[in-house]
Amino acid sequence: MSTDFDKKLSQIKDNLEKAKSLRIRAEARLEQLTKQKQDILKEIEELGVKPEDLDNEILKLRSEIEELIKKAGEMLPGDI
């Protein structure tokens with residue numbers, strides 16, 4: 001009976017160590033992602049765009065690209 005408790009206790013200890021390891025890796029990943037987010041936000045601001053305006057800026061740029069593609073298509077001869 002004692003060995004059953006020892007086995008269960010050993011398994012609990014192993015699971016606890018695995019959980020600690022996962023927590024440490026998750027914390028390190030969170031730190032890495034937070035740093036990456038800060039770098040991206042800084043780069044966006046350096047480009048003159050506020051992070052909260054990104055969706056509108058993307059729509060504006062997409063519209064400009066579509067318009068330029070349309071103009072380029074109009075400039076090509078029709079018999080190509």
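The values are calculated or read from the model by the stated rules, or taken from the named source; none is laboratory data. This is a predicted model, so every value here is computed, not measured. Positions of Cβ are generated from backbone atoms using ideal geometry, with glycine treated the same way; all protein chains shown enter the neighbour counts.
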One residue from Ile65, Ile44 being in a helix (DSSP H, G or I), surrounded by 10 or more Cβ atoms within 10 Å (Cβ to Cβ), at pLDDT below 95 and of a type in the set (Val, Ile, Thr): Ile44
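Filtering the stretch 1-16 down to residues that are acidic (Asp, Glu) and surrounded by 10 or more Cβ atoms within 10 Å (Cβ to Cβ), which residue is modelled with the lowest pLDDT?
First, the residues of the stretch 1-16 that are acidic (Asp, Glu): 4, 6, 14.
Now narrow it down to the ones that are surrounded by 10 or more Cβ atoms within 10 Å (Cβ to Cβ): 6, 14.
Numbers: Asp6: 91, Asp14: 96.
Across the stretch 1-16, the extreme among qualifying residues is Asp6.
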Checklist (1) part of a helix (DSSP H, G or I); (2) over 20 Å from the mean Cα position of the chain (by Cα) applied to Asp79, failing item: (1)
Hey, Glu52 assigned to a helix (DSSP H, G or I), surrounded by 10 or more Cβ atoms within 10 Å (Cβ to Cβ) and free of Cβ contacts under 8 Å to residues at least 60 places away in the same chain or not: no
